[in-house]
Amino acid sequence: MNAFIYRLKSALSCFVLVALAAVIPALAQAQPELDGQPVKALTSSSSGALLVLRDSGLFAIDGNAATEIPLPPSDSGAQPTSLAKGADGTTYLAGPGLGVWRYNSGNESWQSLNNTLPDLEVTAIAAHATQPETVYAYLGEKGMFRSRDGGAEWAKVDAGPQEPVQAFLHSDMPGSMESGWLFAGTTRGVARSMDCFCFWGDAGDLRGKVSAISYNPAAPENVYAVIERQLHHSAVGGETWTSLKVPQPVTALAFSPSQGLVVGTANGNLLARGAADEWTPVHE
């Protein structure tokens, strides 16, 4: 009897090991590894979740839960590089070779907004701070395009700054002759223009390649820019800048309605800035 029980236990152990060998790869595939992947872009959703773009995909971070959002299809294999949140909470995504896409949270699908763009080489997008249907796209040498109907029709509005734009945003900061300002992160520094596209000028003397730019919607004069993975802050709309210490190299940033300024890092982490200027991890 003891021999029979021993053989039964051995058989069960072998069965469990075989089952685990079959299940573990599937679990690894279903739950993508996020640690260590640099954050490429950040924004927040209409529900307040953080949207985090990495090489492995787009993820919604809500509390301790991370949910993958499938990316739009691309025949060329192009990958997105830019995210934007519209005034109504709509999520826009873009990248060279991918063009511009809008996410429909109702049926969890992406809609192409590329029918009237001259090509798909979009390096940066921005959404108007107060006009839900107004979106901007930068196409390198072809210049800056604007849509006033949520991306159905695009029209060229400006050549853009002299240097290529890596990231940009629309702000409702006071003082514009029209409805706000555009801040462009270029290969030279931060450029600024009223959204009447009257003139592009330097926003202060910050110099270097800007990889990310954001602002505080509750206090629009507060603008943040990342240069060579270092975070900089202007409390006066880009007139002057100061460097902010962050414990890790910064690659992306955004404002969360619940957490304030959040940065994504080269180490793959998300850090939120507290009231006392300390940085705490955003768990995912």
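The values are calculated or read from the model by the stated rules, or taken from the named source; none is laboratory data. This is a predicted model, so every value here is computed, not measured. Here Cβ is always computed from backbone atoms with ideal geometry, including for glycine, and neighbour counts include all displayed protein chains. SASA here: full protein model, heavy atoms, side chains in, ligands and nucleic acids out. Shrake-Rupley method; radii C 1.70, N 1.55, O 1.52, S 1.80 Å.
For region 44-54, how many residues meet the condition of being in a loop (DSSP other than H, G, I, E, B) and under 12 Å from the mean Cα position of the chain (by Cα)?
Initially, region 44-54 is screened for residues in a loop (DSSP other than H, G, I, E, B), giving 45-49.
Narrowing the set further to residues that are under 12 Å from the mean Cα position of the chain (by Cα) leaves 45.
Total satisfying the criteria: 1.
So for region 238-248 (the condition being assigned to a strand (DSSP E or B) and under 19 Å from the mean Cα position of the chain (by Cα)), does at least one residue qualify? Reasoning before the result, please.
Taking region 238-248 first, the residues assigned to a strand (DSSP E or B) are 242-244.
Subset that is under 19 Å from the mean Cα position of the chain (by Cα): none.
No, the conditions are met nowhere in region 238-248.
State all residues of region 259-284 that are touching a Pro at 6+ places or on another chain (Cβ under 8 Å) and among the β-branched types (Val, Ile, Thr); if no residue qualifies, say none.
Within region 259-284, Thr265 is the sole residue that qualifies.
Quick check on region 186-218: of everything there that is more than 25 Å from Gly260 (Cβ to Cβ) and of a type in the set (Phe, Trp, Tyr), which residue is surrounded by the most Cβ atoms within 10 Å (Cβ to Cβ)?
Trp200
For Ser74, all conditions in the list (1) at pLDDT 95 or above; (2) outside any strand (DSSP E or B) hold save one; what is the number of the exception?
Of everything listed in (1) at pLDDT 95 or above; (2) outside any strand (DSSP E or B), Ser74 misses just condition (1).
State all residues of region 98-109 that are in a loop (DSSP other than H, G, I, E, B) and open to solvent by less than 20 Å² (accessible area, probe 1.4 Å); if no residue qualifies, say none. Please lay out each step first, then the result.
Kept after step one, since they are in a loop (DSSP other than H, G, I, E, B), are these residues of region 98-109: 98, 105-108.
Answer for region 98-109, where residues must be in a loop (DSSP other than H, G, I, E, B) and open to solvent by less than 20 Å² (accessible area, probe 1.4 Å): just Leu98.
Out of (1) free of Cβ contacts under 8 Å to residues at least 60 places away in the same chain; (2) under 26 Å from Pro220 (Cβ atoms); (3) part of a strand (DSSP E or B); (4) open to solvent by 10 Å² or more (accessible area, probe 1.4 Å), the odd one out for Tyr92 is which?
All conditions are met except number (4).
Could you tell me how many of the residues in region 217-237 are of a type in the set (A, V, I, L, M) and assigned to a strand (DSSP E or B)?
So the first thing to find is which residues in region 217-237 are of a type in the set (A, V, I, L, M), and the list is 218-219, 223, 225-227, 231, 235-236.
Right, trim to assigned to a strand (DSSP E or B) and you get 223, 225-227, 231.
Of the residues in region 217-237, 5 are of a type in the set (A, V, I, L, M) and assigned to a strand (DSSP E or B).
Going by what's in this entry, would Gly189 be described as farther than 17 Å from Lys40 by Cβ and in contact with a strand residue (DSSP E or B) (Cβ under 8 Å, 6 or more places away or on another chain)? Give the derivation first.
Working: farther than 17 Å from Lys40 by Cβ: yes; in contact with a strand residue (DSSP E or B) (Cβ under 8 Å, 6 or more places away or on another chain): yes.
Judged against the criteria, Gly189 is a match.
Name the residue, out of Leu182, Leu117, that is closer than 30 Å to Pro249 by Cα, aliphatic (A, V, I, L, M) and in contact with a strand residue (DSSP E or B) (Cβ under 7 Å, 6 or more places away or on another chain). Break it down stepwise before answering.
Numbers: Leu117 fails: closer than 30 Å to Pro249 by Cα.
After applying the criteria, what remains is Leu182.
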